[in-house]
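A quick write-up on the structure given underneath.
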Amino acid sequence: MHPVLQSAKAEFTAPNVTFLPADTSYREVYAQSNCVITDYSSAVFDFAYLQKPILYAQFDQKRFFSGEHSCVKGDFFDYERDGFGKVTTTLEDTLDALTEILAADCQMDAFYIQRLHQAFPALDQSNSNRIYTHCQQFLKRSSIRA
C-alpha cells in the first residue's frame with residue numbers, strides 16, 4: 001500500500017487481500033508482484049522494466065488533468081500513447097482488464113512489450129555502467145573545451 005494511504009488501511013480490507021508491511025521496499029514489492037494497478041504513478045516505470053503487466057485505473061481523469069493537479073494531459077507522457085499497460089476509467093473496465101491480465105498468466109501483452117523496447121532499447125543489467133561511461137565521456141569532452 002502506498003505510504004500516504006497507510007493511515008486509511010482499515011478502509012481497504014477485503015477477503016483474500018493481504019498488505020505487505022509498511023516498511024517493505026518497492027524493490028521487494030516489484031519482485032513479489034505479478035502485476036500492478038496504479039493510477040498515474042511514474043514508479044511503475046521500474047515495474048515495466050521487469051516486463052510485468054501494468055493496469056492504469058484512472059477514474060478521475062477529468063479532474064486530474066483539469067489543472068487542479070500539476071500534470072497536464074499529454075505534457076510529456078500520455079498514458080494511452082506512451083504507457084505500458086491498458087488505461088481504464090471505470091470500475092467495470094478495470095475489472096475486465098484485470099481479468100484479461102490474469103487469464104494471460106500475468107504476462108505483459110506483446111503490444112506493451114514492443115512499446116517498452118521503444119522506451120528502453122537495452123533491457124539488461126548494464127544501465128549503471130552505461131550511465132557511468134556516458135558521464136565519463138561527457139566529462140572528457142567538457143575538460144577539453146575548458
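Please work out which option in (1) 26, 16, 15; (2) 32, 19, 18; (3) 39, 18, 11 gives semi-axes √(5λ) of the Cα gyration tensor in Å calculated from these coordinates, and answer with its label.
Of the labelled values, this structure produces (2).
Taking a virtual spin label 7 Å from the Cα of D23 along the C-beta vector, which residues in the range 1-16 bring their backbone nitrogen under 18 Å of it?
Label zone hits: 1-4, 6-7.
Mind listing which GluC sites (Glu not before Pro) in the range 1-102 are in a DSSP loop and have 12 or fewer other Cβ atoms within 10 Å?
For GluC sites (Glu not before Pro) across the range 1-102 that sit outside H, G, I, E and B with at most 12 neighbouring Cβ atoms in 10 Å, the list is empty.
Cut-off 10 angstrom, C-alpha nodes, Gaussian network model of the chain. Which of V36, V17, V44 fluctuates the most?
The residue that fluctuates most here is V17.
For a quick check: sort D78, D93 by the number of other beta carbons within 10 angstrom, fewest at the front.
Details: D78 11, D93 15.
Listed from fewest to most nearby Cβ atoms, that is D78, D93.
Values quoted throughout were computed directly from the atomic coordinates according to the rules given, and no laboratory measurement underlies them. All of these numbers come straight from a predicted model, not from anything done at the bench. Heads up, the Cβs are rebuilt from the backbone with ideal geometry, glycines too, and the neighbour counts pull from every protein chain shown.
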